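Visitor: This is the structure I want to talk about, given as structure tokens.
We did not get these values from a lab; they are worked out from the coordinates using the rules stated. Everything quoted here is computed from the prediction, not taken from an experiment. A quick note on method: Cβ atoms are made from the backbone with ideal geometry, for glycine too, and the neighbour counts reach across all protein chains shown.
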Amino acid sequence: MAPERTFIAIKPDGVQRGLIGEILGRCERKGFKLIALKQLTPSSELAEKHYGVHRERPFFSSLVDFITSGSVVAMVWEGDGVILSARNLIGATKPLEANAGTIRGDLAVNIGRNVIHGSDSSETAAFEISLWFQSSELNDWSP
Ligand code: IDP
Ligand code: MG
């Protein structure tokens, strides 16, 4: 069976605040394997597809405006249970409700500036990985 993979993105607030190393370190120390990483400012088209499930929500346009406002670090991480485990490392959507010890719990306050995105299911992970990366950008390597 293919190893589980998830899509993680450090949002523009995380990049602006200098949290790239902190976040990469947490994922590495947990024991997951980084198989793709790039920095980009997402287009509106990419952002609207990525957040397509939220299209009808009142915050959709501000969400798209924010994620396209600056540099994002997009990643694919691999490992057993990585989708749920990364969500646990990330913490609850509302940073003030996120547990201490999680990325949002430790590093964020505002729901609109919650530092990081992580896929929420295997279907979403497959969709998001193929949306953000070419298959040639995914690196197979053995630790
Ligand atoms: P998630 O990032 O924890 O998966 P989702 O519900 O998928 O949370 O929402 C996507 C993103 O949209 C959140 O990370 C947050 O930045 C933003 N968001 C979600 N709910 C609200 C809201 O009620 N007001 C403003 N922004 C929101
Ligand atoms: Mg989500």
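Visitor: Rounded to the nearest 20 Debye, what is the dipole magnitude of the chain about its Cα centre when Lys and Arg each give +1 and Asp and Glu each give -1 at the C-beta?
Guide: 340 debye
Visitor: Still on this structure: Springs between alpha-carbon pairs under 10 angstrom, Gaussian network model over the chain: which of 58, 12, 95 fluctuates most?
Guide: Result for the chain, Cα springs under 10 Å: 58 fluctuates most.
Visitor: What is the gain in length, in nm to one decimal, between residue 99 and residue 38 on full extension, counting 0.36 nm per residue of separation less the C-alpha to C-alpha distance?
Guide: On the way: separation 61, 0.36 × 61 = 21.96 nm, distance 2.84 nm.
Length gained between residue 99 and residue 38: 19.1 nm.
Visitor: How far apart, in nm, are the 7 Å Cα→Cβ label points at residue 29 and residue 57?
Guide: 2.9 nm
Visitor: If you add up the charges near residue 52, with Lys and Arg at +1 and Asp and Glu at -1, over every other residue whose beta carbon is less than 14 angstrom from its beta carbon, what do you get?
Guide: Numbers: positive: 49, 55, 57; negative: 45, 48, 56, 120, 123, 128.
Result for the neighbourhood of residue 52: -3.
Visitor: Label-point separation (nm) for residue 121 and residue 80, each offset 7 Å from Cα along Cα-to-Cβ?
Guide: 2.5 nm
Visitor: Based on the Cβ-Cβ distance of residue 69 and residue 142, what FRET efficiency does E = 1/(1 + (r/R0)^6) give at R0 = 41 Å, to the nearest 0.05?
Guide: Once rounded, the FRET efficiency stands at 0.65.
Visitor: Ok, one more. Using Cβ contacts closer than 10 Å as the measure, can you line up 6, 93, 102 from fewest to most?
Guide: 93, 102, 6
Visitor: Further question on the same structure: Under the classification rounded if a/c is under 1.5, otherwise prolate if a/b is larger than b/c and oblate if not, where does the stretch 35-143 fall, given a ≥ b ≥ c as square roots of the Cα gyration tensor eigenvalues? Please list the in-between numbers first.
Guide: Numbers: a/c = 1.73, a/b = 1.13, b/c = 1.53.
Judged from the Cα gyration tensor, the stretch 35-143 comes out oblate (a/c at least 1.5, b/c at or above a/b).
Visitor: Next question. For the stretch 37-136, which GluC sites (Glu not before Pro) are both in a DSSP coil and crowded by at most 15 other Cβ atoms within 10 Å?
Guide: Those satisfying the criteria are 56.
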